[in-house]
Amino acid sequence: MAEPYPGRQEDPEYAPLAGGAEPGERHRPAKAIFLAGLAVLLVVGVTIGFATHESPDSCTELNSSRLAPFREGGEGLRRPVPSEAVVELAPRGVKEGVSAKSNRIFAGAGVRGFPWNNSMLSWQRTAFHFQPEKNWMNDPNGPMYYKGWYHFFYQYNPGAAVWGNIVWGHAVSEDLIHWLHLPLAMVADQWYDINGVWSGSATVLPNGRVVMLYTGSSNESMQLQNLAYPANLSDPFLLDWVKHPGNPVLAPPPCVDKQDFRDPTTAWYTSGGKWRFAIGSKINNTGVSFVYETDDFENYQLLPGLLHAVPGTGMWECVDFFPVSDDGLDTSVNGPGVKHVMKMSLDEDRNDYYAIGTYDEEANTWVPDKPEIDVGIGIRYDYGLFYASKTFYDQNKRRRILWGWITESDSEAADVLKGWASLQGIPRTVVLDTKTGSNLLQWPVEEVESLRLSSKEFDRVVVKPGTVAPLHVGTATQMDIVAEFELDKQAIEATPEADAEYVCSTGGGASRRGALGPFGLLVLADDDLSEQTPVYFYVVKGSNGTLQTSICTDQSRSSVATDVNKQVYGSFIPVLEGEKLSLRILVDHSIVETFAQGGRSCITARVYPTKAIYGAARVFLFNNATEANVKASIKIWQMNSAFIRPYNPQ
Amino acid sequence: MKKTPMPFTLLSFAQLLLIAALPSASADLIDDTCKKTPYPDFCVTALRSDPRGSTTDTPTLGLIMVDFVDKNAKSTGTKIDDLLGKSPDPGTRQALTSCQESYGIISSSMVPPSKESLTKGDYKFAVQYMNAAADSASKCEAGFGGSKSPIYDSNIYERNAATVASAIASSLL
């Protein structure tokens, strides 16, 4: 009998072969070799598995059961938001194929476009908000402070008033208000960004070095991360930028689509002496944030796990991640008791969401304080138009500053006719609201006050139900308004409890009267109120006598034109014991920015009147509540232009 | 006769199955994609008429639809030129001129960002600009004061195609 295995010691007692072959079964050498080969492979495979398990990257881990709920994440997992949260979700139309912006299509379907003329269109340009001289702008990029100048970069189309052919615009300012346009900082001239020099962030290193990480859309339309740095650090204007010869520094990890990987954040320095940055993506329908670690900004390691993920939120654009307190904090600050803000731009509904939580540097996780208002399903920076926003730490004045892209809400055709589209919001300081502990406060940077010219004050004016009172302030297209309101206490007490909540978007605007609201101001209104943009509070007495307050901006009658957005924006806003209702409104031609309760809730609207323009624009105080008087104290400043213009060396 | 080796027979059978299965795989993509749009029948007919319709890539279906929007915009522009050359009454002339401007803007300013958006993976812009194109077509029709315009079919086609293109892009968000 032939020996089945060469070299095997002869043994009168056969051990059974794997598979239970009986002694006496012969002529199966091939099968035996095959099975032995499999066994060898199995052993080798398991060994490799254990060996590589030492440092799994996020992509490997994502296959594990721990993250199974995220993989299955879908629309059904979006949690309902409790009414007491400061939220007012935008219409969820996008999933059904209708963007929020297109609501006006159906509202005005079958109606002619408005015959805009040059006078109306040119009035729309702002006096003190950042915008290029012409063409399209979107995301703010790489904001920073360097050698006495604030730098601002932005997504720009050099050839049209619509998105496309994106490059980096650049401007500088000494005070975040008076800007000088500079030449383009980066254009699409490399294979790795030839299809778009997309968004990115600056990191100013302690040694004075500046690094810029940005997304390039490559010649194959893949989203790659790239490094750029100033050509000449002694030039305070940082006119010229060098793209790192070793670009791209990062390609999409294998577990995500090559087109779901963009907008790297500013880096933060860890206790382990490394730099880290975050970047958003999506896996199935779960929005996620990866973190990469680096020593030199040229070589990176993808950290295991995800900084955070929320099922059902889709692609996370423009992730931002930073520490907060009642003061501004450098991006690298960390420690027990330090809260971190996680923020992203939700591709699906074009809104910016944030949440407050705790960062565990060692575990590379961030956990929200209140999971029911996690990022993407809770609080927004702004309840109007505000997207792709980004903060930076201003070492000059030790504050955290927020930039946000304000898109148009008129028709794209009108944008083409007028030759430009989009603004940036007035930069805002961002701090933690220590009174509530659960939201941020945003406030226009104090430098905007340098534009204030003459003012008019209206002290403790009592406004009866149904009153509209003109405020004689002269020109009413560039204004800084500060107002405080008090509802008559007896009226509040006498009012019965309402059985329904008030929601700005469905509340019917300023003309639908309730017992304790609406009341506030009408801006960009004409004398006979055929056009008006009410900014108002609406108070409802809820169960057990508690007052619920909403702040809204009503565009429904903002213009007689039909091809502009007519929604009512706004949100519920917490008002604490002893607080008066307070408003700040910046009006600058076609933009109205509202800050309520010291910036606890913000609403940015784009408004396009056809008559309430130039010298015909007015501002009114109104009270449309049925039961209560309102006492109002208001101060209104005329605002100067910021004379934003190209830099001229002479 | 020599017996055909078993593995060879199996392989041939498998190949046949694969070939039979392929077209229905991409036909499913058209059906699945068009189901999510407001005009599914229109969507299916249009996409199947294009050789690129057998793609397995949803953004490509969106691009095909944007091409239809563009082609129709250009041919409608030509029709309008024709009609304007026939001395219409002032009301019709005004409406036609306004439509001419609108269709020009669709081709020059709404199609390019939509194509760029679908190609490069930032889909929200295709949603926005195709919605705007649909809106333009509706407004063009409305400019004729309630009665059917002389370019009614073109306007309806444009509205449908642009709405479908927008919906396809939206499904990718």
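Quick check, is A:Arg125 without any contact (Cβ under 8 Å) to a residue 40 or more places away in the chain, of a type in the set (D, E, K, R), away from chain B (no Cβ under 14 Å) and open to solvent by 10 Å² or more (accessible area, probe 1.4 Å)?
So A:Arg125 fails the test.
Within the range A:226-253, the set of residues being over 12 Å from A:Tyr214 (Cα atoms) and in contact with a Gly (Cβ under 9 Å, 6 or more places away or on another chain) comprises A:Leu233, A:Pro236.
Residues of the range A:598-632 that are of a type in the set (S, T, N, Q) and either touching a Gly at 6+ places or on another chain (Cβ under 6 Å) or surrounded by 24 or more Cβ atoms within 10 Å (Cβ to Cβ) (or both): A:Ser601, A:Thr604, A:Asn623. Would you please name the residue that is farthest from the other protein chains (Cβ to nearest Cβ), looking only at residues in the range A:179-210 that are within 21 Å of the chain's Cα centre (by Cα) and touching a residue at least 60 places away in the same chain (Cβ under 8 Å)? Filtering first and then ranking leaves A:Thr203. Only a single item in (1) buried (at least 18 other Cβ atoms within 10 Å of the Cβ); (2) modelled with pLDDT of 95 or more is not met by A:Gly517, and it is number (2). Being touching a Lys or Arg at 6+ places or on another chain (Cβ under 9 Å) and crowded, with 17+ Cβ neighbours inside 10 Å is the filter; apply it to the range A:448-479 and report the residue that is farthest from A:Trp123 (Cα to Cα). The residue in question is A:Pro465. Just one of the listed residues (A:Gly335, A:Gly312) is surrounded by fewer than 22 Cβ atoms within 10 Å (Cβ to Cβ) and modelled with pLDDT under 95, namely A:Gly335. Among residues of the range A:633-650 being more than 30 Å from A:Arg460 (Cβ to Cβ) and among the aromatic types (Phe, Trp, Tyr), the one that is surrounded by the most Cβ atoms within 10 Å (Cβ to Cβ) is A:Tyr647. Taking strands (runs of 3 or more DSSP E) as the structural unit, those lying wholly within the range A:427-481 and holding at least 1 residues that are hydrophobic (A, V, I, L, M, F, W, C) and farther than 26 Å from A:Tyr387 by Cα correspond to A:452-463, A:467-470. All but one of (1) away from chain B (no Cβ under 13 Å); (2) assigned to a loop (DSSP other than H, G, I, E, B); (3) surrounded by fewer than 23 Cβ atoms within 10 Å (Cβ to Cβ) hold for A:Leu176, so report the exception by its number. The number of the failed condition is (3). On the basis of being surrounded by fewer than 17 Cβ atoms within 10 Å (Cβ to Cβ), polar (S, T, N, Q) and within 29 Å of B:Ser114 (Cβ to Cβ), does A:Asn157 make the cut? When the stated conditions are applied, A:Asn157 does not pass them.
Would you check if A:Leu329 is part of a loop (DSSP other than H, G, I, E, B), modelled with pLDDT of 95 or more, in contact with a strand residue (DSSP E or B) (Cβ under 8 Å, 6 or more places away or on another chain) and not small (Gly, Ala, Ser)? Yes: the conditions hold for A:Leu329. Within the range B:49-70, restricting attention to residues that are loosely packed, with under 15 Cβ neighbours inside 10 Å and either farther than 20 Å from B:Pro112 by Cα or basic (Lys, Arg) (or both), which residue is farthest from the chain's Cα centre (by Cα)? Of everything passing the filter in the range B:49-70, B:Thr56 is farthest from the chain's Cα centre (by Cα). Please go through the range A:408-426 and pick out each residue that is in a strand (DSSP E or B) and within 14 Å of chain B (Cβ to nearest Cβ). Selection gives A:Trp420, A:Ala421. Restricting the first member to the range B:19-42 and to residues that are within 14 Å of another protein chain (Cβ to nearest Cβ) and at pLDDT 95 or above, and the second to residues that are surrounded by fewer than 17 Cβ atoms within 10 Å (Cβ to Cβ) and part of a helix (DSSP H, G or I), the beta-carbon pairs closer than 7 Å and six or more apart or on different chains are B:Cys34/B:Pro40. When the range A:280-306 is filtered for residues that are in contact with a Leu (Cβ under 8 Å, 6 or more places away or on another chain) and not in a loop (DSSP other than H, G, I, E, B), the ones remaining, listed by number, are A:Ile283, A:Gly287, A:Val288, A:Ser289, A:Phe290, A:Val291, A:Tyr292, A:Glu293, A:Tyr300.
Pairs meeting the criteria (first residue in the range A:228-244 and in contact (Cβ under 8 Å) with a residue 24 or more places away in the chain, second residue of a type in the set (Lys, Arg) and assigned to a loop (DSSP other than H, G, I, E, B), beta carbons under 7 Å, at least 6 apart or on different chains) are A:Pro236/A:Lys147.
Mind checking which residues of the range A:229-241 are open to solvent by less than 50 Å² (accessible area, probe 1.4 Å) and part of a strand (DSSP E or B)?
Within the range A:229-241, A:Pro230, A:Trp241 meet the criteria.
Scanning the range A:538-547 for any residue that is open to solvent by 10 Å² or more (accessible area, probe 1.4 Å), closer than 29 Å to A:His472 by Cβ and not in a strand (DSSP E or B) turns up nothing.
Kindly indicate which of B:Ser108, B:Ser98, B:Ser138, B:Ser149 is open to solvent by less than 50 Å² (accessible area, probe 1.4 Å), among the small types (Gly, Ala, Ser), over 19 Å from A:Thr407 (Cβ atoms) and facing chain A (nearest Cβ under 10 Å). That would be B:Ser138, the only listed residue that is open to solvent by less than 50 Å² (accessible area, probe 1.4 Å), among the small types (Gly, Ala, Ser), over 19 Å from A:Thr407 (Cβ atoms) and facing chain A (nearest Cβ under 10 Å).
The values are calculated or read from the model by the stated rules, or taken from the named source; none is laboratory data. Bear in mind the structure is a predicted one, so any value in this text is a computation, not a measurement. Heads up, the Cβs are rebuilt from the backbone with ideal geometry, glycines too, and the neighbour counts pull from every protein chain shown. Only protein heavy atoms, including side chains, enter the accessible area calculation; ligands, DNA and RNA are left aside. Shrake-Rupley method; radii C 1.70, N 1.55, O 1.52, S 1.80 Å.
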